Amino acid sequence: MQKALALADRLSGGEAGKGASFVTLVPLGRGTVWYRVLVGSYPTRDSAAAARTSLWRNRAVPSGQGELLRAPYSLALEGGMDVDSLRRRGIPALPGKPDAPTLVGAFESAEQAGFTQAQLARAGIQAKLITRVQTTP
């Protein structure tokens, strides 16, 4: 997971930065978890495709990597949570803006968020499913 978090942090800032980057846990079965890195929030599919092309051109990610997904949901953590301590506990939290909740993950559906929400609940952390873009959960 540390590699996924490092990539997300790198893609969130600097020249390659395209806005917030999220790490989402995707269970593959038999105890295997895949760490998916999602980059940015774009108003249209075309603008997301252009951003992906820019990442390829700038060699921020290898050419050909990256699917275009609509992942409008995240989990907002209640209370003031320290991102670094969450990450040390295996929770891929995103440093947020001041006065904004700490976010975990970017999900295509509420059901997809369930695995991460269960992980947070086992850690004693309350989280609420929210939308990051203009859509209604």
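The values are calculated or read from the model by the stated rules, or taken from the named source; none is laboratory data. Since we're looking at a predicted model, the values are computed, not measured. Backbone-built Cβ (ideal geometry, glycine too); neighbour counts: all protein chains shown. SASA here: full protein model, heavy atoms, side chains in, ligands and nucleic acids out. Shrake-Rupley method; radii C 1.70, N 1.55, O 1.52, S 1.80 Å.
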Only Cα pairs under 8 Å and at least 6 apart count here; give the relative contact order of the chain as a rounded whole percent. 24
Given axes a ≥ b ≥ c from the Cα gyration tensor, I'd like to know whether the stretch 38-119 is rounded (a/c under 1.5), prolate (a/b larger than b/c) or oblate. prolate
Tilt relative to the chain, helix 2-12 - C-alpha long axis, 0 to 90 degrees, to 10: 50
How much space per residue, in cubic angstrom, does the convex hull of the C-alpha atoms of the chain take up? 116
Sticking with the crude label model, points 7 Å out along Cα→Cβ, report the distance from Glu111 to Ser85 in nm, one decimal please. 3.6
With θ set to phi - 60° and the Karplus curve 6.51 cos²θ - 1.76 cosθ + 1.60, what are the ³J(HN,Hα) couplings of the stretch 105-114 in order, to the nearest whole Hz, using x for Gly and Pro? x, 9, 10, 7, 8, 5, 4, 5, 6, x
Mind checking which of Gly64, Leu75, Pro98 is farthest towards the positive end of the stretch 35-137's charge dipole, using Cβ charges of +1 (Lys, Arg) and -1 (Asp, Glu) about the Cα centre? Gly64
So if I place +1 on the C-beta of Lys and Arg and -1 on the C-beta of Asp and Glu, and nothing else carries charge, what would the dipole magnitude of the stretch 1-128 be about its Cα centre? I want it in debye, nearest 20. 340
Measuring from its Cα centre, the stretch 57-117 shows a charge dipole (+1 at each Lys and Arg Cβ, -1 at each Asp and Glu Cβ) which, in debye to the nearest 20, is 340
Which cross-chain or sequence-distant (5 or more) residues have an amide H under 5 Å from the amide H of Val33, H modelled 1.01 Å from N in plane? Leu28
Largest first, how would Arg70, Arg10, Arg122 line up by accessible area (1.4 Å probe)? Arg122, Arg70, Arg10
The chain, helix-only ellipticity at 222 nm - DSSP H runs n ≥ 4, -39,500 (n - 2.57), divided by all residues, nearest 500: -9500 deg cm²/dmol
Out of residues 5 or more away from Thr102 or on other chains, whose amide H comes under 5 Å of its own, with H placed 1.01 Å from N in the peptide plane? Leu77, Met81
Compute the distance in nm between two label points, each set 7 Å from the Cα along the Cα-to-Cβ direction, one at Tyr35 and one at Lys128. 2.9
Which order do you get for Ser74, Ser85, Ser63 if you rank them by accessible area with a 1.4 Å probe, largest at the top? Ser63, Ser85, Ser74
Please list the non-local residues whose amide H lies under 5 Å from the amide H of Ala93, H modeled 1.01 Å from N, same-chain partners needing a gap of 5 or more. Arg87
